[in-house]
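Below is one structure, written out as structure tokens, with a few remarks after it.
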Amino acid sequence: MPTSTTANEAPDFSLENLKLFRIIFKSATRHFHEIEKSAGVGGASLWAMAQISENTKITVSELAKSMSIHQSTASNLIEKLENSGYISRSRSNEDRRVVYLTLTETGHAVMVKAPTPYCGILPDALMKLEYSKQVELYNLLKDLLANMEFKQDGSAFELLSKI
């Protein structure tokens, strides 16, 4: 609730909303640090591993879509996870062009140590919102972005956390 005001003074909701954004981003950052401390991997890596664990026969493009990231970002993430021994790739028997991702025993061991939600607290909270609230938030955030003089439109498909 906004800071108390006098009878003739309206609260400055622009500053109150700024405080809420700070809480959201600091909380998400703190959760990413907790993931790295307890599981030894970055938040994005953990989310990818969870997606791979939950979806048998997932491909890199399907992983990118499920995490709302660019396919090249997903490929870089997969390469790091594979080099670390957390996942493996295997070719489809039906179509040799298709590569499936699976979690290794080492990957499963990491997930056991990791705090939930695996996708991160911000994506988790967004997914829990009712559809109508998601639409409302989307429209409000689009309006907010329209008022920003400097914005990084290309970052829409980038990760919030380290790989």
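Here is how the numbers come out for the structure above:
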| read-out | value |
| --- | --- |
| Residue that is over 27 Å from Leu18 (Cα atoms), at pLDDT 90 or above and outside any helix (DSSP H, G or I), where the choices are Thr102, Thr106, Thr116 | Thr102 |
| Tally, over region 109-127, of residues that are aliphatic (A, V, I, L, M) and in contact with a helix residue (DSSP H, G or I) (Cβ under 8 Å, 6 or more places away or on another chain) | 6 |
| Residue satisfying all of: in region 70-88; outside any helix (DSSP H, G or I) and at pLDDT 95 or above; nearest to Ile52 (Cα to Cα) among these | Ile87 |
| Filtered residues of region 95-150 (kept if in contact (Cβ under 8 Å) with a residue 12 or more places away in the chain, within 27 Å of His33 (Cβ to Cβ) and not aliphatic (A, V, I, L, M)) | Thr104, Thr106, Gly107, His108, Lys113, Pro115, Tyr118, Cys119, Gly120, Pro123 |
| Top-ranked residue of region 54-69 - restricted to ones that are in a helix (DSSP H, G or I) and among the polar types (S, T, N, Q), ranked as farthest from Tyr100 (Cα to Cα) | Ser66 |
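The values are calculated or read from the model by the stated rules, or taken from the named source; none is laboratory data. For clarity, every value in this text was computed on a predicted model and none was experimentally measured. FYI the Cβ positions are ideal-geometry reconstructions off the backbone, even for glycines, and counts take in every protein chain you see.
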